[in-house]
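The values are calculated or read from the model by the stated rules, or taken from the named source; none is laboratory data. As the structure is a computational prediction, the values presented were derived from the model and not from experiment. Here Cβ is always computed from backbone atoms with ideal geometry, including for glycine, and neighbour counts include all displayed protein chains.
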Amino acid sequence: MAQKYVIGIDAGTTGCRTVIFDLTGTEVGSGYKENALRYPQAGWVEFGVPEIIENCYASTREALKKTGIDPKDVASISFTYMRPVACLRGEGENEWVRDIQMWQDMRCASIFPYMTAQLAKHGLSPDDLYDITGFPYSTVWMLGKFLWTQQNEPEIWARTRHLHNLHGVLAHAYGCDDYIEDSEDLGWWQLNNCDSFTWNEKLCEVFDIDPAMLPKHAPTGTVIGAVTREVAEKTGLAEGTPLVAGLGDHQCAAVGMGNIREGMASLVLGTAGVLVCQSQKPIRDPNRKAHVIGSALHKWEIEGHASAAASSFKWIRQTLGHMEEATADLTDLDVYDLLTAQAKKAQPGAQGLIFIPWLAGAAMPLYDTNARGTFIGLTFGHRKCEILRAGMEGVCYEMRSMLEAIQKAGIPQPEYLRIGGGASRSALWNQISADVYGIPVETVKTAESTALGAAIMGAVGVGLFRDLEEATKAMVHVSGRWEPIPENVKTYNDLYQTFLDSYYALSEKVFPAIARHQGL
């Protein structure tokens, strides 16, 4: 029988998900296992490598069990993952010398002066680092996490022999002989050549990292191994199923939303918020803020990144939504539907209330680790509905600031945005998005666009489709479209400027003082 399913395995921040798709892009079934993240102190976020592997295995077992499909009908498996996480391995095959420093972990902010000094010793500057790698300083990327361990945990660093990101971890866990990273995601290491998707040994010298510690890599869409008998027994997969190099989560999400051509753009409002614009040629942000990464086309994407995004609304739910959570537990209603139904009662602009969503610091275009979340403009006249709506609007203001920054790199304003992630399930949030950005937004049929993108890469990798264009035409389908409402656009233009001004009013004294008090 012809093989008729493809699998995308998504090792995300909050959990690991395996999704099975048919060749029309229809989700056949999925499995999910939540990650029990650890927060040892303010600003630190950790998780174990063995735990994330087992969670992926568990999600795969669940997906296959729920669907009841014949595993032999699966044509390919590909991977997607939360992109910059630091995995340190010793001599042994599974000798993990410390827990993962997750991408939201901010402890390495203290390492930037050391990085600057090391660059200067070699006649380089932070601007040169950006020009070489396509990445500015940030606590999110992996280099700072490696160097923090090197400087602050020398006994752990002395035991470290191999450095990994999650793609290599997953590839090996599912049967690949080696720990193979995807070439297009080397930028997260800041030890790369952005234009050629290769390692840069000069930067290894600058930061005293042995190049032998760096893993092998292969272009996305390349067959890199096959499911072994041992993995088949653990997961229910068929032995010999091809493993195809995937991509980081937001590049895969772009593919899963059909964003595969220059001039297109997509935005994921999930745990993080990431805006992705395509480029056929190497590109840099003249302000050296937006990061540049490889695409599924082996070309380039310029991206804007926000560390909290819709997860800041999750914080609002956890803090203010106890009644809605209790109601959801007693009914079949979704807690977010209950919250956004209340938010809909508020007028656009939430009576001048502005939410600043920097609960994990401000990322692109500000890259200020001292920045913090806040509500500005609260009065006795504000009700819960305004607070909820302001939370949704504030996330969109931050996304708009990323879009405007990327346009300064020479990317034209897109005619429309494809939007995915948890927030895209809300019609109200989609309308707010269109109104804040001033352009139409579209959603796609498959909610799990990240896993779909990985599955599409797998399908192309084993030859089920000629190329990405043919594959996305068959597997990606638009499900909704929202046009900007002119009067709302005017309201949001005014408040957006206030949103921007609030940063400069607080960044010089208030945010640094709070960060010092918090020990960060």
Original post:
Restricting the search to the stretch 160-188, which residues are assigned to a helix (DSSP H, G or I) and in contact with a strand residue (DSSP E or B) (Cβ under 8 Å, 6 or more places away or on another chain)?
Top reply: L166, H167, G168, V169, L170, A171, S183, E184, D185, L186, G187, W188
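Does the stretch 194-229 hold any residues that are closer than 28 Å to T139 by Cβ, more than 21 Å from the chain's Cα centre (by Cα) and among the polar types (S, T, N, Q), and which are they? Give the steps one after another, and end with the answer.
Quick first cut of the stretch 194-229, residues closer than 28 Å to T139 by Cβ only: 194-217, 220.
Narrowing the set further to residues that are more than 21 Å from the chain's Cα centre (by Cα) leaves 195-196, 198-216.
Matches in the stretch 194-229: S196, T198, N200.
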Subject >> Residue list for the stretch 113-167, restricted to those being in contact with a Ser or Thr (Cβ under 6 Å, 6 or more places away or on another chain) and either crowded, with 23+ Cβ neighbours inside 10 Å or among the acidic types (D, E) (or both) >> reply: T139
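Consider G480 carefully, then state whether it is at pLDDT 95 or above, over 18 Å from the mean Cα position of the chain (by Cα) and assigned to a loop (DSSP other than H, G, I, E, B). Give the steps one after another, and end with the answer.
Details: at pLDDT 95 or above: yes; over 18 Å from the mean Cα position of the chain (by Cα): yes; assigned to a loop (DSSP other than H, G, I, E, B): no.
Taking the combined requirement at face value, the residue does not satisfy it.
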Original post:
Among (1) free of Cβ contacts under 8 Å to residues at least 24 places away in the same chain; (2) over 30 Å from W141 (Cα atoms); (3) not aliphatic (A, V, I, L, M), which single condition is K345 missing?
Top reply: (1)
**OP:** Could you list all residues from the stretch 184-208 that are touching a Ser or Thr at 6+ places or on another chain (Cβ under 7 Å) and either aromatic (F, W, Y) or closer than 20 Å to C87 by Cα (or both)?
**Re:** E184, G187, Q190, N192, F197
**OP:** Of the conditions (1) over 19 Å from the mean Cα position of the chain (by Cα); (2) surrounded by fewer than 19 Cβ atoms within 10 Å (Cβ to Cβ); (3) in contact (Cβ under 8 Å) with a residue 40 or more places away in the chain, N430 clears all except one; give me its number.
**Re:** (2)
Original post:
Which numbered condition trips up D332, out of (1) free of Cβ contacts under 8 Å to residues at least 40 places away in the same chain; (2) assigned to a helix (DSSP H, G or I)?
Top reply: (2)
Original post:
So which residues in the stretch 242-264 are at pLDDT 90 or above and not in a helix (DSSP H, G or I), if there are any at all?
Top reply: P242, L243, V244, A245, G246, L247, G248, M257, G258, N259, I260
Original post:
Going through the stretch 82-125 one residue at a time, which ones are touching a helix residue (DSSP H, G or I) at 6+ places or on another chain (Cβ under 9 Å) and part of a helix (DSSP H, G or I)?
Top reply: R107, C108, A109, S110, I111, F112, Y114, M115, T116, Q118, L119, K121
Subject >> Selection from the stretch 271-306 of residues that are small (G, A, S), crowded, with 23+ Cβ neighbours inside 10 Å and either within 11 Å of the chain's Cα centre (by Cα) or outside any loop (DSSP other than H, G, I, E, B) (or both) >> reply: A272, G273, G294, G304, A306
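Residue check: is L267 outside any helix (DSSP H, G or I), in contact with a helix residue (DSSP H, G or I) (Cβ under 7 Å, 6 or more places away or on another chain) and surrounded by fewer than 24 Cβ atoms within 10 Å (Cβ to Cβ)? Walk me through it before giving the result.
Values: outside any helix (DSSP H, G or I): yes; in contact with a helix residue (DSSP H, G or I) (Cβ under 7 Å, 6 or more places away or on another chain): yes; surrounded by fewer than 24 Cβ atoms within 10 Å (Cβ to Cβ): no.
Spelling it out, it is not the case that L267 is outside any helix (DSSP H, G or I), in contact with a helix residue (DSSP H, G or I) (Cβ under 7 Å, 6 or more places away or on another chain) and surrounded by fewer than 24 Cβ atoms within 10 Å (Cβ to Cβ).
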**OP:** Quickly run through the stretch 18-43 and pick out the residues that are surrounded by 16 or more Cβ atoms within 10 Å (Cβ to Cβ) and either acidic (D, E) or out of contact with any Ser or Thr (no Cβ under 9 Å at 6 or more places or on another chain) (or both).
**Re:** L23, E27
Original post:
Is there a residue being touching a strand residue (DSSP E or B) at 6+ places or on another chain (Cβ under 9 Å), under 30 Å from L88 (Cβ atoms), assigned to a strand (DSSP E or B) and among the acidic types (D, E) anywhere in the stretch 42-55?
Top reply: yes
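Just the residues that are surrounded by 15 or more Cβ atoms within 10 Å (Cβ to Cβ) and either among the acidic types (D, E) or in contact (Cβ under 8 Å) with a residue 24 or more places away in the chain (or both), please, taken from the stretch 196-218.
Of the residues in the stretch 196-218, the ones surrounded by 15 or more Cβ atoms within 10 Å (Cβ to Cβ) are 197, 199-200, 203-204, 206-207, 209, 213-215, 217-218.
If the condition is that a residue be surrounded by 15 or more Cβ atoms within 10 Å (Cβ to Cβ) and either among the acidic types (D, E) or in contact (Cβ under 8 Å) with a residue 24 or more places away in the chain (or both), then F197, N200, L203, V206, F207, I209, M213, L214, P215, H217, A218 are the ones that fit.
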**OP:** Kindly check whether there is at least one residue in the stretch 257-276 that is free of Cβ contacts under 8 Å to residues at least 60 places away in the same chain and in contact with a Lys or Arg (Cβ under 7 Å, 6 or more places away or on another chain).
**Re:** no
